[in-house]
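Have a look at the structure below before the remarks.
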Amino acid sequence: TWQKLQACHQARHHNHVSLSIAAKPVIFKEELKNVESKEGGTAVLHCEISKADAAVEWRKGGKVLEPSDKYEMKLKGSVAELIIHGVEPGDS
């Protein structure tokens, strides 16, 4: 019927409104510092970022590091840590 067609037509033509909010970029509040460790030991790298609990990706030579027996990643608020177990000369 005409009323059903008109209702469908009105439903398809509702105004669509969207809101976009640009998030502030995450920046380093405290940069990474060099650390020393003995071969076979454990090294802990940490940095502080501007946004608590933001996604952090650790890389070595462009390759993303994944959690494993060797690499442990922690995020405590705005402090990100990379723990390297069984340090080898190639880890530098």
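The values are calculated or read from the model by the stated rules, or taken from the named source; none is laboratory data. Note that this is a predicted model, so its numbers are computed, not measured. FYI the Cβ positions are ideal-geometry reconstructions off the backbone, even for glycines, and counts take in every protein chain you see. Surface areas here come from the heavy atoms of the whole protein model, side chains and all, with no ligands, DNA or RNA. Shrake-Rupley method; radii C 1.70, N 1.55, O 1.52, S 1.80 Å.
The requirement of being open to solvent by 70 Å² or more (accessible area, probe 1.4 Å), modelled with pLDDT of 85 or more and hydroxyl-bearing (Ser, Thr, Tyr) is not satisfied by Thr1.
Just so you know, in the range 19-33 the residues that are assigned to a strand (DSSP E or B) and not aromatic (Phe, Trp, Tyr) include one that is nearest to Asp91 (Cα to Cα), and it is Glu30.
Among the residues of the range 56-66, which ones are farther than 16 Å from Val26 by Cβ and surrounded by 10 or more Cβ atoms within 10 Å (Cβ to Cβ)? Spell out the reasoning first.
So in the range 56-66, the residues farther than 16 Å from Val26 by Cβ come out as 60-66.
Result: Lys60, Leu65.
Total residues in the range 34-55 satisfying the condition of being within 14 Å of Val79 (Cβ to Cβ), in a loop (DSSP other than H, G, I, E, B) and at pLDDT 90 or above: the figure is 1. Taken as a whole, the condition of being open to solvent by 60 Å² or more (accessible area, probe 1.4 Å) and in contact with a Ser or Thr (Cβ under 7 Å, 6 or more places away or on another chain) applies to Ile27. For Glu81, the conditions (1) more than 12 Å from the chain's Cα centre (by Cα); (2) in a loop (DSSP other than H, G, I, E, B); (3) modelled with pLDDT of 90 or more all hold with the exception of (2).
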